[in-house]
1. Starting from residues that are in contact with a Ser or Thr (Cβ under 7 Å, 6 or more places away or on another chain) and part of a helix (DSSP H, G or I), keep the ones in the range 104-131 and report whichever is surrounded by the most Cβ atoms within 10 Å (Cβ to Cβ).
2. Is it the case that the range 112-121 has a residue that's closer than 18 Å to Q176 by Cβ, assigned by TED's automatic domain parsing to the domain that holds F169 and not basic (K, R)?
3. Of the numbered conditions (1) hydrophobic (A, V, I, L, M, F, W, C); (2) modelled with pLDDT of 95 or more; (3) farther than 14 Å from D88 by Cα, A130 fails exactly one; give the number of that condition.
4. With respect to the numbered conditions (1) in a loop (DSSP other than H, G, I, E, B); (2) on the phi > 0 side of the Ramachandran plot, which one is the sole condition not fulfilled by G168?
5. Filter the range 56-103 for residues that are farther than 22 Å from E150 by Cβ and touching an Asp or Glu at 6+ places or on another chain (Cβ under 8 Å); which is surrounded by the most Cβ atoms within 10 Å (Cβ to Cβ)?
6. Would a scan of the range 145-166 turn up a residue that is in contact (Cβ under 8 Å) with a residue 60 or more places away in the chain and either of a type outside the set (S, T, N, Q) or more than 26 Å from L59 (Cα to Cα) (or both)?
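The values are calculated or read from the model by the stated rules, or taken from the named source; none is laboratory data. If you're wondering where the values come from, they're calculated on a predicted model, not measured in any experiment. No Cβ is skipped: glycine too gets one built from the backbone with ideal geometry, and neighbour counts run over all protein chains shown.
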Amino acid sequence: MRITTVLITLALVGTPALAVAQTTHTDHGGGMDHAQHGQEAPSAGASLTEPGQGAFAALSEAVRVLEADPDTDWAMVDLAGLRAHLVDMDRLVSDTIVTETALPNGISALATGEAETIATLRRMVPAHAAQLAKDDRWTVETAQTDDGVELHVKSDDPAVIARIKGLGFFGLMASQDHHREHHLMMARGENVHDH
């Protein structure tokens, strides 16, 4: 009986302490006390720089640029097309399963996934491979397979070979700084394959 009384007392007294501990998080650094959020007025001139989730941020940035450009042809604007591309980018990074094989002169990567991911890979990998191929330090080849896409990137230069292997499939997909230009062209409804 005594153990039951102690447990009930601990439960009744401990619950408020637990609730405070869950909202205070004393182990958080400065500014991380959830109990204080919303109680402080924002400091004058403070503004956020990131409008949230990555695709939303990219769309928001494109809208800002389009609205600031007096020559924007609003009849051509295609933000839905840009959004679809951003979804593809997310799916490529998040849902793709890659098997990389180190070659003496580069890598071979087999990229696969579920049906939607395979469709994404077939749209994105060949298009990005064309951008990669503009760099004459390496050769780039792609091939469709029944369950995805193969990417082969090779070089004769040992330093470039090391770079290829270091980048791997995902690094290669993220390299070549053309993404922002490409996204703005998509948002404006321009033919992205002309650049």
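1. Here the answer is L121.
2. First, the residues of the range 112-121 that are closer than 18 Å to Q176 by Cβ: 121.
Then keep just the ones that are assigned by TED's automatic domain parsing to the domain that holds F169; that gives 121.
Imposing the further condition that a residue be not basic (K, R) reduces the set to 121.
Yes - at least one qualifying residue is present in the range 112-121.
3. (2)
4. Condition not satisfied by G168: (1).
5. Out of the qualifying residues, it is A57.
6. Initially, the range 145-166 is screened for residues in contact (Cβ under 8 Å) with a residue 60 or more places away in the chain, giving 165.
Applying the additional criterion that residues be either of a type outside the set (S, T, N, Q) or more than 26 Å from L59 (Cα to Cα) (or both) yields 165.
Checking the range 145-166: at least one residue is in contact (Cβ under 8 Å) with a residue 60 or more places away in the chain and either of a type outside the set (S, T, N, Q) or more than 26 Å from L59 (Cα to Cα) (or both).
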